[in-house]
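**Student:** Questions regarding the structure given below will be posed in turn.
The values are calculated or read from the model by the stated rules, or taken from the named source; none is laboratory data. Just so we're clear, the structure is a prediction, and the values are computed from it rather than from any experiment. Backbone-built Cβ (ideal geometry, glycine too); neighbour counts: all protein chains shown. SASA here: full protein model, heavy atoms, side chains in, ligands and nucleic acids out. Shrake-Rupley method; radii C 1.70, N 1.55, O 1.52, S 1.80 Å.
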Amino acid sequence: MTTSINKPRVHHPDLAPNALGLTRRDYEGTMSTLCAGCGHDSITAAIVRAFWELSIPPYRVAKLSGIGCSSKTPTYFLRESHGFNSVHGRMPSVATGANAANRDLVYIGVSGDGDSLSIGLGQFCHLIRRNVKLLYLLENNGVYGLTKGQFSATADIGSKAKRGEANQQGPIDPVLVALTLGATFVARSFSGDKEELVPIIKAALAHNGFAFVDIISPCVTFNDHEGSTKSYAYSREHLHKVVEADFVPLRKEIVGTGDVTLHDGSVVRLRKVAPGYDPSDRDAVSGYLRKHHEAGEVLTGLLYQSADGRDMHAIEKTVATPLVDLPYEQLCPGGAALEKLQRSFK
Amino acid sequence: MLPTNVTDPSYYHRVVDCQWACPAHTNVPEYIRLIAQGRYADSYLLNRESNVFPGILGRTCDRPCEPACRRTRVDGKPVAICRLKRVAADLRGDIQDRLPQAPAFKNGKRVACVGAGPSSLTVANDLMPLGFEVVIYEKLPHSGGLMRTNIPSFRLPASVLDEEVEMIVGMGVDVRYDTPVSSMRALLGEGYDAVYVGSGAPKGKELDIPGRHDSDQIHIGIEWLESVHFGHITTAAPRVLIIGVGNTSMDCCRTAKRLGGTDVKVIARRSRRHFKASPWELADAEEEQVEIVENHAPKRFVVEGGKLVGMEFEVLQWGEDGNGRAMSTVQGTVIIPCDLVLLAIGQENAFPWVERDVGISFDEKGLPVVDRVTMMCSRPGVFFGGDAAWGPENIIWAVAHGHAAAISIYNHCYGIAVTERPPEGMTLTSSKMGIHQWSYHNDYSAAERAKMTHVDLRERFRELSREVELGFTPEQTADEVQRCLNCDIETHFTDRLCIECDACIDICPVDCLTITHNGSNEAELRIRLTAPTPNLSQPLFVSGPLPQTKRIMVKDENICLHCGLCAERCPTAAWDMQEFDLKLSYAGRSV
């Protein structure tokens, strides 16, 4: 039995309400049971802030996850939304199905480096391919925390485990995978930098299609020691911001250079921090990332975005109404209609 | 900004708002925890250490602690600190063998105190256990000063007063009743090593307007209360006006209600927000159907054929003059009929018995010139305290003065400079018991402030000495103690341990914490906080540079719940919850 108390519901008297009259505290979930100091908890706080700032009604959100420390976190935010804690590595399938059935909800999938890049790598790739409209957060700490700290598929060569042995196998960079497979929103951030992370999450939520955010999220218990390349200290030394993103929901905002105008008229404003970096050139971004990775730098920011992609519903020409809102006769038109359809395939 | 120096006891002391506001610096959170544990005797004795009269103060204190209480800033109502003190006093059981004792062997120092009120009794309380011989001169046949003659027994039963006075007098204090001091020179001639004047401010202010001396139904409030106390006055006429709206006025109007007053009005010159009476005393009076009349200035007494029939007032409207000062304009006059008037417009000190050539300087207002720290006047070895020093205050200030004077008297008698004050100290002890376990109840209780139960209106008027407040029930006490936020369990930060994971900032329910780059001044820093705060009365804690980014941790102390979640979610124990214990020095007992 734990003696731990819950976070008191009482809040700062001056806490501001958003357009829905809700405070930031209304977007929280239950108390985290992750280790104290886990990067994932900071990401949870960033999610809470982003959803509150965008005034998204919690009951219009579906939270999806697989298995792992990261996949526990949907419990810790948006206590009044829908959720599905699915099978290990299979969150993309569930997300795809949910989105196919009800395209009007806001989808957020939370996964980890094990869930996405080991057991679920195939699912991850096909989710990108299908361009399912979903905010996909990969909480990346380089280890399997729940099973006591084995190297994961994102561990860098030479990075040391807690007991001292160095990793020998090359890492999978999820950002490069996403770029290669045609993702139209690719970002990387750090759990310890909410100033960067919150605007990225907001921009991702407005993106019309699959939005991928890789977040370096130190495992304070198994991967925060000297010699680790995913520790708080190492991350702070080696992360380099190449693009800063601002999300501008006002539709009348004057569009400037470097802005990406989204389908609903809102704007993601990108400010290049690194000279010569072009966040609209997919090949150039891939090359830039690879080159800097070799130099030991981990680049952060909204690395690539394009408003051009067509999401799953556009590709599949699905009905515009969520299935739940369709009249039964239309959803299930009967045997005659099925026969007619089958005949058309002959 | 420079890092906050938390090794200075005054920083953490200030965080404990109640203790900081209390003139005697009673350790409130600790005594409330002791009540929560059912350790009433321990709680009582902890109180007694600093405030000497827990049973009396638990009923009558002016409660400077309660408006300061952090809980007010969290949910609008302070913890019922004062009435919890009464719980400890009522339930303490027998503590006789734990009270200070006077040694059989005396140190040969003799101290005279004038007046047997709270400040003189505090001096005796502090000095008797050190072997001093203390003589108290009291003009009345009993002790307690204004606590006995001015506070009606329906607020403070005589038995409670007697008990706590006896704890001091019983140490062997030589109290000479019915012995007014009529000459300071003569007293000084008695050869005492020190003289303490705790004779109060016994003179009620006069209201010299036409008709004042034309009727015997116009009284000075405190004199009238004293006469009631002595049984010289046992009835009041039906229609009573009380002029002035301080706490004495509240005692007058409520006493009048009990002696036959049926139409009792309290008349105030100004509007309600300027009233001097404590809000709870006003509420109690209004509960007893006393009418409060605002913005009326006395003009004259209406006496017809030697009989008081009413009082004429100017009805005022208040505004501001060009310099922002309050200014009144007269709207008209009104006569309010009445049979009895009590004047409660303030009290003054009177020292006709202090000769002006004995080396004691007086200022232009006729008050002795007294040092705020040492309580000594211009004549070495003579000290003033309580209302006698700077005019009417309250019991808890009188106690604080008594403690300070006792230190000075001790120094004076032992040839130490009175300005050499013993230091304040502190201890900080981690309250961590396990990953999620603390040595205090850290969960936030959403309970609302307990409401004191009163004897019903008819019953309370039946007998003058019927105590109105019944005290908290065990259930009320159990809830009320958990409303205390344990502000003395300090959030103690060690900057070199911080890895800037943000866990504390994310978990804090009231957005107290910020990690940011350092600023040049506090005002600039305040606007960059997670929750910007305009409350400048509450300090900011500022850490040294954090190891990884050289940013700083800033904590706004304003509404911290002391729930300990920052420390619970801290992976490196950079935050810890540490119990702060302020160590106060008393006469002969330096920390």
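**Student:** May I ask you to evaluate 6.51 cos²θ - 1.76 cosθ + 1.60, the Karplus curve with θ = phi - 60°, for each residue of region B:571-580 and list the ³J(HN,Hα) values in order in whole Hz, giving x for glycine and proline?
**Tutor:** Once rounded to whole Hz, the list reads x, 10, 6, 5, 9, 9, 9, 10, 6, 9.
**Student:** Give the long-range amide H neighbours of B:Glu348: residues separated by 5 or more places, or on another chain, with amide H under 5 Å away, using H modelled in the peptide plane at 1.01 Å from N.
**Tutor:** B:Lys203, B:Gly204, B:Lys205
**Student:** Further, regarding this structure: Compute, for region B:430-482, the length of the dipole vector about the Cα centre, with Cβ point charges of +1 (Lys, Arg) and -1 (Asp, Glu) only. Units Debye, rounded to 20.
**Tutor:** Value, rounded to 20: 100 debye.
**Student:** Continuing with this model, one more query. Picking from A:Gln169, A:Gln305, A:Gln330, which is most flexible by a Gaussian network model of chain A using Cα springs under 10 Å?
**Tutor:** Of the options given, A:Gln330 has the highest mean-square fluctuation.
**Student:** Based on Cα positions only, what radius of gyration and what Dmax would you give for chain B, in angstroms?
**Tutor:** In order Rg, Dmax, the Cα atoms of chain B give 26.4, 89 Å.
**Student:** Roughly how big is the A-B contact, given as buried accessible area in Å² (both sides, 1.4 Å probe, nearest 100)?
**Tutor:** Working: alone 16920 and 25010 Å², together 39500 Å².
About 2400 Å² of accessible surface is lost on pairing.
**Student:** Here's a follow-up. Tally Lys/Arg at +1 and Asp/Glu at -1 over every other residue whose Cβ is under 9 Å from the Cβ of A:Asp104; what's the total? If you can, show how the numbers build up before the last one.
**Tutor:** Details: positive: A:Arg60, A:Arg103; negative: A:Asp325.
Local net charge: +1.
**Student:** Let me ask something else. Angle, helix A:121-130 long axis vs. longest principal axis of chain A, Cα atoms, 0 to 90°, nearest 10?
**Tutor:** Value to nearest ten degrees: 50.
**Student:** Additional query: Would you mind checking the tilt of helix A:91-101 against the longest principal axis of the Cα atoms of chain A, expressed as 0 to 90 degrees and rounded to 10?
**Tutor:** The two axes meet at around 30 degrees.
**Student:** Given charges of +1 on the Cβ of Lys and Arg and -1 on the Cβ of Asp and Glu, with all other atoms neutral, how large is the dipole of region B:204-345 about its Cα centre, in debye to the nearest 20?
**Tutor:** Dipole size: approximately 200 debye.
**Student:** Using only alpha-carbon positions, what ratio does the radius of gyration of region B:204-345 give when scaled by 2.2 N^0.38 Å?
**Tutor:** Region B:204-345 yields a ratio of 1.03.
**Student:** Cα centroid distance between region B:235-261 and region B:132-164, in Å?
**Tutor:** 22
**Student:** Using a Cα-Cα cut-off of under 25 Å, which lysines could be cross-linked to A:Lys291, ignoring same-chain neighbours fewer than 8 residues away?
**Tutor:** A:Lys160, A:Lys230, A:Lys241, A:Lys272
**Student:** Holding the Cα-Cα limit at 22 Å, pick out from A:Lys162/A:Lys194; B:Lys203/B:Lys276; B:Lys203/B:Lys365; A:Lys63/A:Lys202 the pairs that are longer than that.
**Tutor:** A:Lys162/A:Lys194
**Student:** Evaluate 2.2 N^0.38 Å with N set to the residue count of the protein assembly as shown, then give the Cα radius of gyration divided by it. All intermediate terms of the calculation are to be shown ahead of the outcome.
**Tutor:** Values: Rg = 36.9 Å, N = 937, 2.2 N^0.38 = 29.6 Å.
Dividing the Cα radius of gyration by 2.2 N^0.38 Å gives 1.25.
**Student:** In region B:284-370, what GluC sites (Glu not before Pro) fall in a loop by DSSP, with at most 10 other Cβ atoms inside 10 Å? Each step should come with its number before you reach the end.
**Tutor:** Numbers: sites: B:Glu286, B:Glu287, B:Glu288, B:Glu291, B:Glu294, B:Glu304, B:Glu312, B:Glu314, B:Glu320, B:Glu348, B:Glu355, B:Glu364; in loops: B:Glu288, B:Glu294, B:Glu355, B:Glu364.
Those that pass, being in a loop and sparsely packed, are B:Glu364.
**Student:** Mean Kyte-Doolittle hydropathy of 0.5 or higher plus an axial Cα length of 24 Å or more: which whole DSSP H helices in chain B meet both?
**Tutor:** B:395-413
**Student:** While we're looking at this one, here's another question. So which GluC sites (Glu not before Pro) in region B:438-544 are both in a DSSP loop and have at most 13 other Cβ atoms within 10 Å of their Cβ?
**Tutor:** Those satisfying the criteria are B:Glu448, B:Glu463.
**Student:** In region B:159-224, which trypsin sites (Lys or Arg not before Pro) fall in coil by DSSP and have 13 or fewer other Cβ atoms within 10 Å?
**Tutor:** Here no loop site has a sparse enough neighbourhood.
**Student:** What 222 nm value per residue comes from the helices of the protein assembly as shown, counting each DSSP H run with n ≥ 4 as -39,500 (n - 2.57) and dividing by all residues, nearest 500 deg cm²/dmol? Working shown, then result.
**Tutor:** Details: 34 runs with 277 residues, N = 937.
About -8000 deg cm²/dmol.
**Student:** Averaged over A:36-43, how many beta carbons belonging to a partner chain fall within 10 Å of each residue's beta carbon? List each step's numbers first, then the result.
**Tutor:** Values: counts 14, 11, 4, 3, 0, 6, 5, 2.
That works out to 6 on average.
**Student:** Let me ask something else about it. Probe 1.4 Å, all protein chains in place: accessible area of B:Thr333 in Å², nearest 10?
**Tutor:** 80
**Student:** When you look at the Cβ of every residue in A:8-20, what mean number of other chain Cβ atoms sits within 10 Å?
**Tutor:** 5
**Student:** All other residues with a Cβ under 14 Å from the Cβ of A:Pro199 taken together, and with Lys, Arg as +1 and Asp, Glu as -1, what is their net charge?
**Tutor:** That works out to 0.
**Student:** In addition: To the nearest Å, what is the center-to-center distance of region B:300-353 and region B:426-483, using C-alpha atoms only?
**Tutor:** That distance is 41 Å.
**Student:** If you don't mind, there's one more thing I want to ask. Distance from the Cα centre of region A:69-132 to that of region A:1-62, in angstrom?
**Tutor:** 20
**Student:** Something else now. Whole-Hz Karplus ³J(HN,Hα) for region B:559-569, in order, using 6.51 cos²θ - 1.76 cosθ + 1.60 and θ = phi - 60°, x for Gly and Pro?
**Tutor:** 10, 3, 8, 6, 7, x, 5, 4, 6, 5, 8
**Student:** Based on the alpha-carbon gyration tensor of chain A and its eigenvalue square roots a ≥ b ≥ c, which shape applies: rounded if a/c is under 1.5, prolate if not and a/b is larger than b/c, or oblate?
**Tutor:** The shape class here is rounded.
**Student:** Give a residue-ordered list of calculated ³J(HN,Hα) values for region B:459-465 (Karplus: 6.51 cos²θ - 1.76 cosθ + 1.60, θ = phi - 60°; whole Hz; x for Gly, Pro).
**Tutor:** My calculation for region B:459-465 gives 4, 6, 8, 5, 9, 4, 8 Hz in order.
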